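Novice: Pasting a structure below so you can have a look.
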Amino acid sequence: MKPIRDEFLSEEDLALGDLDEAELIAWWNLWLEQAQATNDLDARTYSHGVFTIEPE
Amino acid sequence: MNVYLDLTRKYNVGALRAVLSSGQAVVLHRLAIMSKDGAWILRETPAAMEHVRGVLAAHGARYRFGAPLDVRWMEGGWSSHLEFQEGGLRVRTDFVTRPARITAEDLDDLWNEQIGSPLPFVDVRRLVEIKKTNREKDYVIIGELARLIANPREQLLVSRSARDLIRISEDHPALTRELGAERPALIAVASGIEALEIALDAERRQLMRINEQRLAAYAASAEEWSLEWPKVRREIAGMQLAEAHALVVDQALGVLPFSPEEDHPS
């Protein structure tokens, strides 16, 4: 029986490890393209660094 | 080609200047794709920043609100943020030279370890530290990054899984007790899984609060700059990056302190 373990990420996320480099880049680029749908929602926010919101 | 890999290679043409960090480094560790923005740790030299600005200028990048990409501010721990559009993507490029929670000595080691790397990106251990932010989703990543670590000492110091920690502690009881001084949550291992889960949750909340306080200090120090920024943004609109950079530096001088400590000397 497979032991129970704490799950942090989905099997889909972790499946990146099974991809070769070309497949990884193709999947990564597709993800980035699809993620553009939320650009209006995060137009003023930051993902990194010490700033959190862009002044209007 | 991927835009973040392309930029990393361009930043490092001829010399090591930039190490890909945060979410895009997580992708290279084959864990998850969770961020559409790029982040790099830069060499803290004027030449490195000039080179990177040149790469970004060729992509038509513009400044977002942030610190100028200039050593004087970056050595104060500020971050600098630029953005461009390419191939249907909004590409954000975020930079620090002094990543949070990485000591100066460890940062020196990072640069030494990355020499000769064809694609420099942050290793698992330091990525764990960088991801100790005030965002819940980063602790999910830490949880899985920890499983890439082979060394039991490092696993005990970073794992977010109560089950994993108990399993490792069974193999290394003395080490677990020893590391309790460094990571108090480990003391709860002896009390069982539920107590350890509570301790891990409390630890995460504490780490999040520490980062919130850190960001609050920078926000307070940048208050005057944030009021100036809408005017600066209008002035640099349509400018080439080199010209915009000169203007941003000129406007930030005397308004954005080089470091929060300078703004609020202790």
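Novice: Go over the candidates A:Thr38, A:Thr52, A:Thr45 one by one and state the one that is more than 9 Å from chain B (Cβ to nearest Cβ) and either in contact with a Cys (Cβ under 8 Å, 6 or more places away or on another chain) or among the polar types (S, T, N, Q) (or both).
Specialist: A:Thr45
Novice: Hey, A:Gln36 hits all of (1) modelled with pLDDT of 95 or more; (2) in contact with a helix residue (DSSP H, G or I) (Cβ under 8 Å, 6 or more places away or on another chain); (3) assigned to a helix (DSSP H, G or I) but one; which does it fall short on?
Specialist: Against the list (1) modelled with pLDDT of 95 or more; (2) in contact with a helix residue (DSSP H, G or I) (Cβ under 8 Å, 6 or more places away or on another chain); (3) assigned to a helix (DSSP H, G or I), A:Gln36 comes up short only on (2).
Novice: Here is a check on your reading of the model: is A:Thr45 without any contact (Cβ under 8 Å) to a residue 12 or more places away in the chain, of a type in the set (Val, Ile, Thr) and touching a strand residue (DSSP E or B) at 6+ places or on another chain (Cβ under 9 Å)?
Specialist: Yes, satisfied.
Novice: Among the helices (runs of 4 or more DSSP H) lying completely within segment B:1-83, list those that include at least 3 residues that are within 12 Å of chain A (Cβ to nearest Cβ) and not basic (Lys, Arg).
Specialist: Those helices (runs of 4 or more DSSP H) span B:3-11, B:22-28.
Novice: OK, next. Consider B:Thr133 carefully, then state whether it is assigned to a strand (DSSP E or B), of a type in the set (Val, Ile, Thr) and either surrounded by 15 or more Cβ atoms within 10 Å (Cβ to Cβ) or in the same structural domain as B:Ala242 (by TED's automatic domain parsing) (or both). Spell out how you get there, then give the answer.
Specialist: Working: assigned to a strand (DSSP E or B): no; of a type in the set (Val, Ile, Thr): yes; either surrounded by 15 or more Cβ atoms within 10 Å (Cβ to Cβ) or in the same structural domain as B:Ala242 (by TED's automatic domain parsing) (or both): yes.
No: the conditions fail for B:Thr133.
Novice: Would segment A:17-28 turn up any residue that is without any contact (Cβ under 8 Å) to a residue 60 or more places away in the chain and in a loop (DSSP other than H, G, I, E, B)?
Specialist: The answer is yes; a qualifying residue exists.
Novice: Right, next: Which residues, taken from segment B:168-182, are farther than 18 Å from B:Ala150 by Cβ and either outside any helix (DSSP H, G or I) or under 30 Å from the mean Cα position of the chain (by Cα) (or both)?
Specialist: Those that are farther than 18 Å from B:Ala150 by Cβ and either outside any helix (DSSP H, G or I) or under 30 Å from the mean Cα position of the chain (by Cα) (or both): B:Glu178, B:Gly180, B:Ala181, B:Glu182.
Novice: Considering segment B:84-118 alone, what residues qualify as being over 24 Å from B:Gly14 (Cα atoms), within 10 Å of another protein chain (Cβ to nearest Cβ) and surrounded by 16 or more Cβ atoms within 10 Å (Cβ to Cβ)?
Specialist: B:Leu89, B:Arg90, B:Ala100 - these are the residues of segment B:84-118 that are over 24 Å from B:Gly14 (Cα atoms), within 10 Å of another protein chain (Cβ to nearest Cβ) and surrounded by 16 or more Cβ atoms within 10 Å (Cβ to Cβ).
Novice: Against the condition within 20 Å of the chain's Cα centre (by Cα) and away from chain A (no Cβ under 14 Å), how does B:Arg214 come out, does it pass?
Specialist: Against the criterion (within 20 Å of the chain's Cα centre (by Cα) and away from chain A (no Cβ under 14 Å)), B:Arg214 does not qualify.
Novice: Hey, any hits in segment B:77-88 for a residue that's out of contact with any Cys (no Cβ under 8 Å at 6 or more places or on another chain) and closer than 30 Å to B:Ala174 by Cα?
Specialist: Looking through segment B:77-88, none of the residues is out of contact with any Cys (no Cβ under 8 Å at 6 or more places or on another chain) and closer than 30 Å to B:Ala174 by Cα.
Novice: Let me ask something else about it. Can you tell me how many residues in segment B:190-239 are part of a loop (DSSP other than H, G, I, E, B), surrounded by fewer than 17 Cβ atoms within 10 Å (Cβ to Cβ) and of a type in the set (A, V, I, L, M, F, W, C)?
Specialist: Of the residues in that region, 2 qualify.
Novice: Could you list, in sequence order, the residues of segment A:8-23 that are within 18 Å of B:Lys137 (Cα to Cα) and loosely packed, with under 10 Cβ neighbours inside 10 Å?
Specialist: If the condition is that a residue be within 18 Å of B:Lys137 (Cα to Cα) and loosely packed, with under 10 Cβ neighbours inside 10 Å, then A:Ser10, A:Glu11, A:Glu12 are the ones that fit.
Novice: For B:Arg147, are the conditions met, namely being without any contact (Cβ under 8 Å) to a residue 40 or more places away in the chain, within 27 Å of A:Thr52 (Cα to Cα), part of a helix (DSSP H, G or I) and among the basic types (Lys, Arg)?
Specialist: no
Novice: Being in contact with a strand residue (DSSP E or B) (Cβ under 8 Å, 6 or more places away or on another chain) and among the basic types (Lys, Arg) is the filter here; which residues of segment B:69-101 pass it?
Specialist: If the condition is that a residue be in contact with a strand residue (DSSP E or B) (Cβ under 8 Å, 6 or more places away or on another chain) and among the basic types (Lys, Arg), then B:Arg90, B:Arg92 are the ones that fit.
Novice: Any chance segment A:7-20 includes a residue that's over 18 Å from B:Leu28 (Cα atoms) and either at the interface with chain B (Cβ under 7 Å from one of its Cβ atoms) or basic (Lys, Arg) (or both)?
Specialist: Checked against the condition, which is being over 18 Å from B:Leu28 (Cα atoms) and either at the interface with chain B (Cβ under 7 Å from one of its Cβ atoms) or basic (Lys, Arg) (or both), segment A:7-20 yields no hits at all.
The values are calculated or read from the model by the stated rules, or taken from the named source; none is laboratory data. All values derive from a computational prediction rather than experimental measurement. Neighbour counts are summed over all protein chains in view; Cβ atoms, including those assigned to glycine, are modelled from backbone coordinates with ideal geometry.
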